[in-house]
Amino acid sequence: MTATSTDPQVHPPAAGAHSHGGPVTKTGSPAERFTSRNPDDFAVPSGREEDWRFTPMRKLRSILRPYQSEGTEEVSLSGPQGARWSIVGRDHPRFGSVLRPADRVSALAFANVSDILFVEIDAEAQLSEPVNVTVAGKPGLNYGHVVVEAKPYSKATVVFDHTGNTTDTANVEFLLGDGAQLSVVTVQDWDSEAIHVSTHTALVGRDAQFDHVSVTLGGAIVRLSPTVRFAGPGGSAQLYGLSFAGAGQHFESRLYVDHAMPDCSSNVVYKSALDADSARTVWIGDVRIRPEATGTSTYELNRNLLLTEGARADSVPNLEIETGEITGAGHASATGRFDDLQLFYLQSRGIPEDEARRLVVRGFFADVLNHIKVAALHDRLMAAIDARLGGQPSDDAADSAADETGTA
Amino acid sequence: MSKLEIRGLHVNVEETEILKGVDLTVSSGETHAIMGPNGSGKSTLAYSIAGHPKYTITSGQVLLDGENVLEMAVDQRARAGLFLAMQYPVEVPGVSVSNFLRTAATAVRGEAPKLRTWVREVNAAMSVLEMDKSFAERNVNEGFSGGEKKRHEILQMALLQPKIAILDETDSGLDVDALRVVSEGVNRVRETGIGTLLITHYTRILRYIKPDFVHVFFDGRIVESGGAELADELEANGYARYGVNEPADTEAVTAGA
């Protein structure tokens, strides 16, 4: 099932949508996704491969072969009681406990990284504040590796904040114990030359809850591959993404949710806006429901808003269902331009056109941004988006008015 | 005193002429009802005045207090004092009613309303329309029922205080209770002395909102004008005298609903 669309087709909520509930047609057993820890098991990609066909490979030459990590990223951490972190070696038992490299860049980073950032959330700890991992990059080549272990029944938020100008290939592993609730926000607010290719992979324990929000606003090439597996029944994964691509920016998100345990759920909402003719976004959403994953519920949504002529958004949802015993499965994808009727409606109430456009784009992104519960971060990202849209710092009075109107 | 003058208005949709010379003047304090069968061009008139991009004005004038409305951008028309309550209000995902109303009020009034008085003002206007407070937190028109959409339109009319309001089939899709509540909301705003152009297919809303003038719209122009008694005539005989077999009375609406 492939939908590559740049058609002017805005926000029809059901456009391209369909669901698989009730009587389900099994799609057969697809080939197993190839994974390996040996980089040489992956040929150097040329750009013709399915995995790389959307990516501008010429700019990625430097990361397709092993390199010496130049250590030009400054990583700093802060966090409340209940969270601990340290730099560990490759011999740490959690290193590689979740990751199964699925492409050459991920395998190279895994094979060559030496320092691993290990973050532990204590069992049953309820963190009062987020754990902040800030990465400030300077020009140079870097390998990165992070392992976050959320022990059973812990509840925590971990924020990754990437700024500066660097080349970064990395793997991030999330290991969720039974009943753990881990909320991850990863912000890619790089300078315009940065290259960032990273796999985020989670193993979700029994009844555990994994929320992952990816926000990409800056960088030349940002290619993130969030993948999720379940280690026991009853887990849930919520994957949200926001990309705002401008001139010369290529933002790619490749998701894979592998349902192999019963009674788990996954929900994917990824949204992109593109505001230059040379802007590109790619969204690949693969979901596999294996025969043993009965009672699965999954939905994927991708929406792309083209703010200028010439911008291109590719969207490829893919759902493989190998059992009829599921609760529900579906996906929807649509790419379109500004909805003239929305603009007309807002303008007919006196709102000037540029402000009406900002309202529409903010509204378009709202259901992703609203999953960022760290207020200061939410506000910073909203302000960055407003600035991109040519707006003034937003007037929070309107939001307060909502609260007062609602509770008065 | 304000005055909306429509003079010799001709409007095309793509290559087809829909309005074929409309002349009408609406002044402050007056309520004009435009009645006509389906497809007569009533809604085209409303959207053309508001500036909908789908409609092309081929000739004629629309003046608000002598200013040429047709040269204004859509938002300028609203700030000049025109308001259109739409038959099919548009969903704006992710934008809360509260944020939308305040942004619109700020634009129309030229400054942000003071938060404290604004909250009171919104709550008062919502209670007239029997709207729950939680309504303000929902996204604009998203998942609204037909009745909620119409209440929301009239709520905006109350808060934006236009000089001239055009209500396009505000009665369509409303049950009796909702029609009463919405009509009361409209009447509250009318009492402030604005001019109202009420576009409708059926006479039933005219039981709640009493027009000073009734105009029959047919084939892209006004074919007959009179006082409120013209609505009674339409209620009794429908649009048969204009060669259209469509009733205009309430009973027929209820039976056919």
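Counting only residues that are within 7 Å of another protein chain (Cβ to nearest Cβ) and assigned to a strand (DSSP E or B), which one in segment B:82-101 is farthest from B:Glu142 (Cα to Cα)? Only one residue tops the list, namely B:Leu84. On the stretch given as segment B:125-134, residues that are buried (at least 19 other Cβ atoms within 10 Å of the Cβ), within 10 Å of another protein chain (Cβ to nearest Cβ) and in contact with a helix residue (DSSP H, G or I) (Cβ under 6 Å, 6 or more places away or on another chain) total 0. Taken over segment A:283-299, the criterion of being over 12 Å from A:Glu320 (Cα atoms) and open to solvent by 10 Å² or more (accessible area, probe 1.4 Å) is satisfied by A:Ile284, A:Glu292, A:Thr294, A:Gly295, A:Ser297, A:Tyr299. The residues of segment B:18-59 that are part of a strand (DSSP E or B) and within 14 Å of another protein chain (Cβ to nearest Cβ) amount to a single one, B:Tyr55. Being open to solvent by less than 60 Å² (accessible area, probe 1.4 Å), within 19 Å of A:Ser348 (Cα to Cα) and either free of Cβ contacts under 8 Å to residues at least 12 places away in the same chain or not aromatic (Phe, Trp, Tyr) (or both) is not true of B:His32. Among the residues of segment A:96-122, the ones that are touching a residue at least 60 places away in the same chain (Cβ under 8 Å) and outside any helix (DSSP H, G or I) come to 9 in all.
Does A:Gly232 count as part of a loop (DSSP other than H, G, I, E, B), closer than 30 Å to A:Gln126 by Cβ and modelled with pLDDT of 95 or more? Break it down into steps so the answer makes sense when it comes.
Working: part of a loop (DSSP other than H, G, I, E, B): yes; closer than 30 Å to A:Gln126 by Cβ: yes; modelled with pLDDT of 95 or more: yes.
The answer is yes for A:Gly232.
When restricted to residues that are open to solvent by less than 20 Å² (accessible area, probe 1.4 Å) and either basic (Lys, Arg) or in a strand (DSSP E or B) (or both), segment A:237-252 contains 11.
Of the residues B:Val122, B:Val74, B:Val69, which single one is open to solvent by 10 Å² or more (accessible area, probe 1.4 Å) and at pLDDT 95 or above? Don't jump to the end; show me each part of the working.
Details: B:Val122 fails: open to solvent by 10 Å² or more (accessible area, probe 1.4 Å); B:Val69 fails: open to solvent by 10 Å² or more (accessible area, probe 1.4 Å).
Step by step, each of B:Val122, B:Val74, B:Val69 is checked, and only B:Val74 is open to solvent by 10 Å² or more (accessible area, probe 1.4 Å) and at pLDDT 95 or above.
Screening the candidates A:Val131, A:Val158 for the property of being at pLDDT 95 or above and within 17 Å of the chain's Cα centre (by Cα) yields one hit, A:Val158.
Among the residues of segment B:107-119, which ones are within 8 Å of chain A (Cβ to nearest Cβ) and in a helix (DSSP H, G or I)?
At the first step, the residues of segment B:107-119 found to be within 8 Å of chain A (Cβ to nearest Cβ) are B:107-108, B:112, B:115, B:118-119.
B:Ala107, B:Val108, B:Leu115, B:Trp118, B:Val119, listed by residue number.
For segment B:209-226, the condition holds for at least one residue, the condition being that it is within 30 Å of B:Ser96 (Cβ to Cβ) and part of a loop (DSSP other than H, G, I, E, B). Here A:Pro352 meets the list (1) within 12 Å of another protein chain (Cβ to nearest Cβ); (2) modelled with pLDDT under 95 almost entirely, failing just condition (2). Screening segment A:149-229 for strands (runs of 3 or more DSSP E) wholly inside it with 1 or more residues that are open to solvent by 10 Å² or more (accessible area, probe 1.4 Å) and of a type in the set (Lys, Arg) returns the ranges A:155-164.
Here is a list: B:Asp219, B:Asp249. Which entry is open to solvent by 50 Å² or more (accessible area, probe 1.4 Å) and either over 18 Å from B:Gly39 (Cβ atoms) or in contact (Cβ under 8 Å) with a residue 60 or more places away in the chain (or both)?
Values: B:Asp249 fails: open to solvent by 50 Å² or more (accessible area, probe 1.4 Å).
Checking each option against the conditions leaves just B:Asp219.
Tell me whether segment A:332-345 contains one or more residues that are within 14 Å of chain B (Cβ to nearest Cβ), farther than 21 Å from A:Phe251 by Cβ, touching a residue at least 12 places away in the same chain (Cβ under 8 Å) and part of a helix (DSSP H, G or I). Quick ask: steps written out before the conclusion?
Let us first name the residues in segment A:332-345 that are within 14 Å of chain B (Cβ to nearest Cβ), namely A:332, A:334, A:336-345.
Those still in the list that are farther than 21 Å from A:Phe251 by Cβ too: A:339-345.
If we keep only those that are touching a residue at least 12 places away in the same chain (Cβ under 8 Å) too, we end up with A:339, A:342-343.
Filter again for part of a helix (DSSP H, G or I), leaving A:342-343.
Yes, the conditions are met somewhere in segment A:332-345.
Among residues of segment B:159-197 being surrounded by 20 or more Cβ atoms within 10 Å (Cβ to Cβ) and of a type in the set (Gly, Ala, Ser), the one that is farthest from A:Ser348 (Cα to Cα) is B:Ser183. Restricting B:Glu148, B:Glu153, B:Glu137 to residues that are touching a residue at least 60 places away in the same chain (Cβ under 8 Å) and either surrounded by 15 or more Cβ atoms within 10 Å (Cβ to Cβ) or within 11 Å of chain A (Cβ to nearest Cβ) (or both) narrows the list to B:Glu153.
Restricting the search to segment A:355-383, which residues are touching a residue at least 24 places away in the same chain (Cβ under 8 Å) and within 12 Å of another protein chain (Cβ to nearest Cβ)? Result: A:Glu355, A:Arg357, A:Arg358, A:Val361, A:Arg362, A:Phe364, A:Phe365, A:Asp367, A:Val368, A:Leu369. Of all residues in segment B:45-60, those satisfying the criterion of being touching a strand residue (DSSP E or B) at 6+ places or on another chain (Cβ under 7 Å) and either free of Cβ contacts under 8 Å to residues at least 60 places away in the same chain or exposed (fewer than 15 other Cβ atoms within 10 Å of the Cβ) (or both) are B:Ser48, B:Lys54, B:Tyr55, B:Thr56, B:Ile57, B:Thr58, B:Ser59, B:Gly60. Here are some residues: B:Ala158, B:Ala104. Which one is in a helix (DSSP H, G or I) and within 11 Å of chain A (Cβ to nearest Cβ)? Exactly one of B:Ala158, B:Ala104 is in a helix (DSSP H, G or I) and within 11 Å of chain A (Cβ to nearest Cβ), namely B:Ala104. The sole residue among A:Pro66, A:Pro8 that is modelled with pLDDT under 55, exposed (fewer than 15 other Cβ atoms within 10 Å of the Cβ) and assigned to a loop (DSSP other than H, G, I, E, B) is A:Pro8. Within segment A:253-266, the set of residues being surrounded by fewer than 23 Cβ atoms within 10 Å (Cβ to Cβ) and under 12 Å from the mean Cα position of the chain (by Cα) comprises A:Arg254, A:Tyr256.
The values are calculated or read from the model by the stated rules, or taken from the named source; none is laboratory data. Please read all numbers here as calculations on a predicted model, not as lab measurements. Glycine gets a Cβ as well: all are built from the backbone with ideal geometry, and neighbour counts include every protein chain shown. Ligands, DNA and RNA are stripped out before the accessible areas are found, and what is left, the full protein with its side chains, is counted by its heavy atoms. Shrake-Rupley method; radii C 1.70, N 1.55, O 1.52, S 1.80 Å.
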